[in-house]
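The values are calculated or read from the model by the stated rules, or taken from the named source; none is laboratory data. Fair warning: this is a prediction, and the values are worked out from it, not measured in the lab. Cβ sites come from the backbone with ideal geometry, for glycine too, and all protein chains shown count toward neighbours.
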Amino acid sequence: MRRRPVTTRLAFITTASLSVASAMGSVAEAVATQFHHDAGAAGHAASAVIAIWVFDKLNNLIDDKE
């Protein structure tokens, strides 16, 4: 089975989604800490959900098919 090459488009979408997800995970942990709650895995869960959501949105927005 041949692997697809990593394109600039895919690299951009992946980098952008992981950057946004990392920031939102930090925000989720900061909010939990501010209200004196144990954050647990809130930051990790928020990061995972946001990464998938942003990746999907950017993938649909930057469609290379004409």
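Some points to look at:
- When ALA23, ALA42, ALA32 are checked against the criterion of being at pLDDT 90 or above and out of contact with any strand residue (DSSP E or B) (no Cβ under 9 Å at 6 or more places or on another chain), a single residue qualifies: ALA23.
- Options VAL27, VAL49, VAL31: the member that is more than 16 Å from the chain's Cα centre (by Cα), part of a helix (DSSP H, G or I) and at negative phi: VAL31
- Long-range neighbours under 9 Å by Cβ, at least six apart or interchain, first residue surrounded by 12 or more Cβ atoms within 10 Å (Cβ to Cβ) within the range 8-22, second basic (Lys, Arg) and assigned to a helix (DSSP H, G or I): SER17/LYS57
- Among the residues making up the range 52-66, none is surrounded by 14 or more Cβ atoms within 10 Å (Cβ to Cβ) and either touching a Gly at 6+ places or on another chain (Cβ under 8 Å) or not in a helix (DSSP H, G or I) (or both).
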